[in-house]
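Right, one structure below, let's go through it.
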Amino acid sequence: MSTDLSRLDDLLVGERELWTDGPPHDTFRRLRAECPVHFTRRITEYPQEAGFWSVTTADDVHAVTRDWRTYSSELGGITALTDAIMPLELVRAMFIGMDPPKHDRLKALFQRGFTPKRIAEHEEEIRAIACGVLDGLEGRETCDLVTDVAQPVVSRVIGSFMGIPPEDDAIWARLMNATLGAGDPDLNPEGPEAVMRRDVPEIFERCRRLIAERRERPTDDLTSVLVHAELDGRGLEEHEIVMGFFLLVAAGNDSTKATYSSGMRALLEHPDQRRLLLDDPALIPSAVEEALRMFPAFAHFRRTATVDTELHGRTIRAGDKVVMWYVSSNRDETRYEDPDRFDVTRNPEHQAFGAGGRHFCLGTALARLELRILFEETLARYPGMELADAPEHVESPFVNQLKTLPVRL
Ligand code: HEM
């Protein structure tokens, strides 16, 4: 959507109407050129929330990400909204909402299981999940790639890591979609406040059952790792276990689904690029990186300044919100030639998983493997797939994803 940017001071980057059709790329293009660190004074829909700084270039996102002492993940939450959707106390119970040293100790419990080598051991199992879901489409002429393919595959993959029974996958998917896409009228018809009233209690209730089962009978899944974790000589408190579970399921669910769907849409809209992959499937890993660059699953994450500081000539005060827009930094023209062009041969570096630093995504190897398998299997089975209708975007300045992608198989 284009915006009148004649007065950049008045621009409110987080307003919902800018995001109805995906990220406002022309707004970000102009910010990178004219006001790379920009202040948005308010978030109209959430008047109780303070405004925020927008960081839009790759170098500045990198600088903020790397300096956790100046830019804290713990002080004020991890999205532009501090606690309008979820209380800060719960955000801080996830390691994505903690600073070192506690963050590092908790993350370390999981890192061994997420190395590329350990993740590669799951290739056969993940391919079987993807093939099972795609086999289920036999005989159909049309389907929705978001709800019929991406969602069931990513839910089962993260579900198997967490020890969720397959029959509960759809319930967890609904809870995650409603919580992360809280502002979207389709995902959350009753409005964002329903998340705290209805969804968070249900998450806690369901988790309590899983936790009780693991206490009685330890297993080798990640839920068991959380239940039996010890830090500083004590186990985690219940809300820390629940939110650890929420972090892994939410991160594993939403993000890979988002990148697959947006990447498939780009391939359907650019048949020349799809042809390259059909002729040479060895290009698929490069196409995965290009999809991650152009369509990062999270439009932003946020830090909070711990001290007065300077960034790109702007003075940021202690306590200010600092939002890193990956949807912008991944199209920074100082890093990418013709950044809005989808080019499966580009094999780019990007910031879709964050820009390094302490909070760099835990799930990169898993996400890359899932995406490669999903692209391989979808393209091999349906080389002539076409768009059947206009896809719809989730209305959110946080989750950058499609909610529908109707195709003719
Ligand atoms: C396309 C897929 C994915 C994308 C684009 C993505 C993106 C991100 C981003 C941007 C961050 C925050 C980086 C920061 O604040 O600096 C993050 C953190 C995280 N991601 Fe992913 N992610 C993906 C898949 C996954 C998967 C499959 C998992 C599996 C469990 C996962 C687990 C996590 C966790 C636990 C964190 C928190 C890390 C920390 O705070 O140290 N992600 N991810």
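State, as an integer percentage, the relative contact order of the chain based on alpha-carbon contacts under 8 Å between residues 6 or more apart. Once divided by the residue count of the chain, the mean separation gives 27 percent. When exposed loop sites are taken as trypsin sites (Lys or Arg not before Pro) in a DSSP loop with at most 13 other Cβ atoms within 10 Å, the longest stretch of the chain clear of them is 141-316. Shown is the FRET efficiency for Arg174 and Ala282, computed with R0 = 41 Å from the Cβ-Cβ distance and rounded to the nearest 0.05: 0.65.
Amide H contacts under 5 Å for Phe301: Met324, Tyr326, restricted to partners 5 or more places along the chain or on a different chain, H placed in the peptide plane at 1.01 Å from N.
Note on region 94-176: Cα-only Rg and Dmax are 16.1, 54 Å. Any chance you could tell me what percent of the C-alpha pair distances in the chain go past 33 Å? Looking at the chain, the distances longer than 33 Å represent 30 percent of pairs.
If the chain linking Lys117 and Arg408 were pulled fully straight, counting 0.36 nm for each residue of separation and taking away their Cα-Cα distance, it would gain 101.1 nm.
Take the chain, connect every pair of alpha-carbon atoms lying under 10 Å apart with a spring to form a Gaussian network, then pick out the residue of Val327, Val200, Val153 with the largest mean-square fluctuation. Greatest mean-square fluctuation among the candidates belongs to Val200. With Cα atoms defining each centre, region 248-289 and region 360-378 are spaced 9 Å apart in the structure.
Bridgeable aspartates and glutamates around Lys321 (alpha carbons under 15 Å apart, same-chain partners fewer than 8 residues away excluded): Glu49, Asp60, Asp67, Glu74, Asp83, Asp308, Glu310.
Sorted fewest first by neighbouring Cβ atoms within 10 angstrom, Glu74, Glu89, Glu370, Glu392 come out as Glu89, Glu392, Glu74, Glu370. Taking a straight line from the alpha carbon of Lys257, these lysines sit under 26 Å away, with near neighbours fewer than eight places off in the same chain left out: Lys107, Lys117, Lys403.
Taking a label point 7 Å from the Cα of Cys131 along the Cα→Cβ vector, which residues of region 372-396 have an amide N closer than 17 Å to it? So the set is 372-382. Rounded to whole numbers, the Karplus 3J(HN,Hα) couplings from phi for region 229-235 are 5, 10, 10, 6, x, 9, x Hz, using 6.51 cos²θ - 1.76 cosθ + 1.60 with θ = phi - 60°, and x at Gly and Pro.
Residue separation of Arg234 and Glu34 scaled by 0.36 nm, minus their Cα-Cα distance, works out to 66.9 nm of gained length.
If r is the Cβ-Cβ distance from Arg317 to Asp9 and R0 is 25 Å, what FRET efficiency results, to the nearest 0.05?
In this case the efficiency is close to 0.90.
No lab work stands behind these numbers, since they all come straight from the coordinates. What you see is a predicted model; the values in this text were computed from it and never measured. We place every Cβ from the backbone using ideal geometry, glycine too, and count neighbours over all the protein chains shown.
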